[in-house]
Amino acid sequence: MVRLASMTMAAALVTAACNGAQSPNENPTDSIRAADEALQQAVAKGELERIASFYAEDAVLLPTAEPIVTGKEAIRAEWRHVLGVPGIQNISALKRIDVSRSGDLGYSRGTYTSHMAGPKGEPLTEPGKWVSIWKKQSDGQWRIVVDIYNTDVMPPVHAPSTASDH
């Protein structure tokens, strides 16, 4: 029975994170974990709007080898760019979650492996790491306010295609 109750609670947390709702007596670590898992699923499926929904309006993204991206609309555009990389597939592994004593701020961190096609169509693999800072919003939802990821290797270069490339 305890196992069933735990499974029911876990299912409720995942459902809440996927629907953007939070339980009033939530465990912040569990809520961040569920939201992070839902975000990683959206990335794996290439769901741009779903990915953008995890960011606060004033969030910042610190991507590899690029300037700071500020605001949800700019972050959406950056993710559109990432998802447009030929053959992109991303696998993430959550390694740690910490939450502040106040329970309204926390971070998740982990590693990723991205697979993509290189400039000449060759398969490339990019291992890396990431940290997302989550803040509980006034409406009770957890959203990312600062997000950073960077590679463990030199990032591959994807030059824009031109008519002469075809």
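Compute the signed sum of charges (Lys and Arg +1, Asp and Glu -1) over the other residues within less than 14 Å, Cβ to Cβ, of Ala65.
Net charge around Ala65: -4.
Residues whose amide H comes within less than 5 Å of that of Ile88, counting only those at least five positions distant or on another chain, are Ala117 (H built at 1.01 Å from N in the peptide plane).
Coordinate-derived values only; no laboratory data. In this text, all values refer to a predicted model and were calculated from it rather than measured experimentally. Virtual Cβ from ideal backbone geometry, glycine too; neighbours counted across all protein chains shown.
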